[in-house]
Amino acid sequence: MKVSIDKFSAQTKFNSDTIAFCDSKNKKTLVDQLDKKFGSIISEFIKINSFDFELGSSLVISLSKQNKINPSFKSVKKIILVGLGTQELDNSKRRKAYASLVRQAKATKTEKLAVWEPEDSALFAETSVLIDYEFTKYKKDDPKKKSSLKEIKIFDSQLNPAVKKAVRTATIIGESTCMARDLVWEPACVVTPTYLAQEAQKIKCKNLKVTVKEAAECKKLGMGSFLAVAQGSDQPPKFIEFSYKPTGKVKKHIALVGKGVTFDSGGLSLKPAKSMEMMKEDMSGSAAIIGIMNAISQIEPNDIQITAIIAATENMPSGKAYRPGDVIKAMNGKTIEVNNTDAEGRLTLADAVAYVSTKDPDEIIDFATLTGACVTALGNVAGGLMSNNEKLTQAIKDSAAQVGELFWQLPLYEEYKESLESSIADLINAGSKGKAGAQNGALFIQEFVGNKKGSEEQIPWAHLDIAGPCWFDQDMDWSPKGASGIPVRTILNYILN
Ligand code: BES
Ligand code: MG
Ligand code: ZN
């Protein structure tokens with residue numbers, strides 16, 4: 001599906017089969033405008049159907065030869081009107097209406113859609129990419145099973161270079177979210193650590209360097225925690241690093257870390273079958289890293305440095321696998337007693353976070369499908385947000401709210417730290433199971449966040465537990481059900497604004 005934007009003029013070669021627009025009951029500006037071009041059929045239909053413009057509700061009007069249509073619009077076979085409600089509009093209400101419009105266009109088998117004067121063309125472009133998305137690669141070539149939409153043309157009379165740029169950025173962000181979704185949808189027999197490394201290396205731009213470290217190099221660096229998880233698998237682990245450094249003066253250096261466990265069987269602490277079914281999604285954090293860096297490579301912000309890390313591995317049981325009771329050592333020197341090999345995500349993140357701390361970033365944000373406890377607490381709709389820094393927390397909350405991704409803050413009370421105590425090592429990986437599980441996971445990771453250069457103060461760090469919302473069980477305002485691509489949009493909004 002291709003999204004483009006234009007101004008309607010006498011030169012426009014209008015060839016869309018469907019024209020769609022949003023309007024509100026008290027304004028009806030666009031109804032009035034288009035009614036004239038379509039022989040008053042819109043106002044007639046509003047009346048017959050008692051259409052009341054409720055937010056997201058829609059009216060589909062099929063046209064026939066009898067209708068008096070302005071010749072410029074003779075290709076139009078149907079009109080879709082979506083209500084904007086009566087309340088003051090914000091991004092989330094607009095997103096809801098735009099999503100409904102695109103879903104209605106798909107449901108009525110629209111191929112060429114023209115969208116008339118949306119209030120926010122960039123938001124429309126992004127929403128349409130997010131909502132039209134589907135993963136049909138492994139389905140028979142059945143048109144009933146695939147989206148009919150070939151193109152969306154947005155007509156915006158306010159079009160100027162700034163709007164054009166915003167639409168381009170929004171489209172890149174939408175497509176990068178879909179790129180992350182594809183990686184999560186793909187089964188674990190396809191998405192191995194090697195595959196993630198190859199996908200990462202396809203992302204290119206002038207100021208971006210992508211490096212991949214093999215196990216031997218990780219061993220030299222002392223990444224005993226990451227490598228312990230990897231040792232049970234026949235798939236070689238890959239430590240992937242993106243380094244984006246613009247040539248001008250850098251305002252901020254942001255470090256990102258994404259959990260990249262391409263399949264989590266639980267290891268020797270094997271998961272029961274039902275819990276293992278969806279564990280291809282355990283690399284959702286790394287998929288988000290690849291989506292984010294894909295967007296960065298196209299947008300090329302000139303004042304932000306980004307270091308992004310994926311410590312990619314499988315977690316498998318085998319004769320070579322790490323065992324409950326093993327004591328391992330991470331690259332910051334801390335020793336860890338492994339009491340549960342299924343708490344593997346924090347072990348991979350430990351070395352990733354310790355490693356990226358040595359790059360002296362201004363802040364570190366990690367995102368990980370870390371705990372079932374977070375899913376129990378917040379369900380699939382929202383992710384958990386935990387941090388050592390109030391300012392960073394607030395900034396991420398604001399960024400998430402603007403794009404409609406839901407995150408809820410959980411506390412990192414000092415008192416929880418008891419759960420990290422081991423009788424044999426500095427830390428235990430899955431202390432008191434069953435209580436405050438999401439926070440325990442976060443507190444474990446925090447042990448590997450380094451200090452600011454030449455200071456006793458820890459680098460500001462935030463942890464997003466996305467075990468719930470990495471996969472939606474139902475359609476959402478910004479995503480079809482299935483892989484969501486969270487938190488690509490939150491993080492890009494944070495980086496770019
Ligand atoms: N990958 C899982 C967490 C998960 C659960 C992701 C559900 C997506 C959906 C993680 O590695 C895990 O197994 N966590 C354990 C930790 C426990 C052993 C302390 C869990 O949540 O049970
Ligand atoms: Mg696990
Ligand atoms: Zn896991």
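Quick notes
- Computed from the C-beta positions of Thr12 and Val190, the FRET efficiency with R₀ = 51 Å rounds to 0.75.
- Inter-centroid distance (Cα atoms) of the range 97-158 relative to the range 213-251, Å: 39
- Using all pairs of distinct alpha-carbon atoms, the Kirkwood hydrodynamic radius of the chain works out to 24.0 angstrom.
- If you sort Lys252, Lys329 by accessible surface, 1.4 Å probe, largest first, the order is Lys329, Lys252.
- Distance between the modelled labels on Asn451 and Gln66, one decimal in nanometres: 8.2 nm (7 Å Cα→Cβ projection).
- Accessible surface, the range 2-159, averaged per residue in Å² (probe 1.4 Å): 52
- Here the range 9-96 has 48 percent of its accessible surface on carbon and sulfur atoms, given a 1.4 Å probe and all protein chains in place.
- Cα-based helix-to-principal-axis angle, 390-403 vs the chain, degrees rounded to 10: 30
- In this view, the solvent-accessible surface of Lys259, computed with a 1.4 Å probe and all protein chains in place, comes to about 0 Å².
- The separation of the range 271-339 from the range 20-58, counted between C-alpha centres, amounts to 50 Å.
- Here is the P(r) of the range 339-431: all C-alpha pair distances, binned every 5 Å from 0, give 2, 10, 17, 22, 24, 15, 7, 2, 0, 0 in whole percents.
- Applying Stokes-Einstein at 37 °C and 0.692 mPa s to the Kirkwood radius of the range 142-274, computed over alpha-carbon pairs, gives a translational diffusion coefficient of 173 µm² s⁻¹.
- Remark: spin-label model distance Asp303-Val381 equals 3.7 nm, labels positioned 7 Å along the Cα→Cβ axis.
- Ranking of Lys209, Lys391, Lys238 by solvent-accessible surface, largest first: Lys391, Lys209, Lys238 (1.4 Å probe, protein heavy atoms only, all chains present).
- Accessible area of Asp90 in the full protein assembly, 1.4 Å probe (Å², nearest 10): 70
- Measuring with a 1.4 angstrom probe and ignoring ligands and nucleic acids, Cys189 comes out at about 110 Å² accessible.
- Percent of alpha-carbon pairs separated by more than 20 Å within the range 275-338: 55
- Ordered from highest to lowest accessible area with the whole protein assembly present and a 1.4 Å probe, Leu159, Leu349 read as Leu159, Leu349.
- Relative to the 2.2 N^0.38 Å rule of thumb, the range 2-159 has a C-alpha radius of gyration ratio of 1.01.
The values are calculated or read from the model by the stated rules, or taken from the named source; none is laboratory data. As the structure is a prediction and not an experimental result, all values here were calculated from the model. Because the Cβ atoms are built from the backbone with ideal geometry, glycine has one as well, and the counts that use them run over all protein chains shown. Protein only, heavy atoms only, side chains kept; ligands, DNA and RNA dropped before computing areas. Shrake-Rupley method; radii C 1.70, N 1.55, O 1.52, S 1.80 Å.
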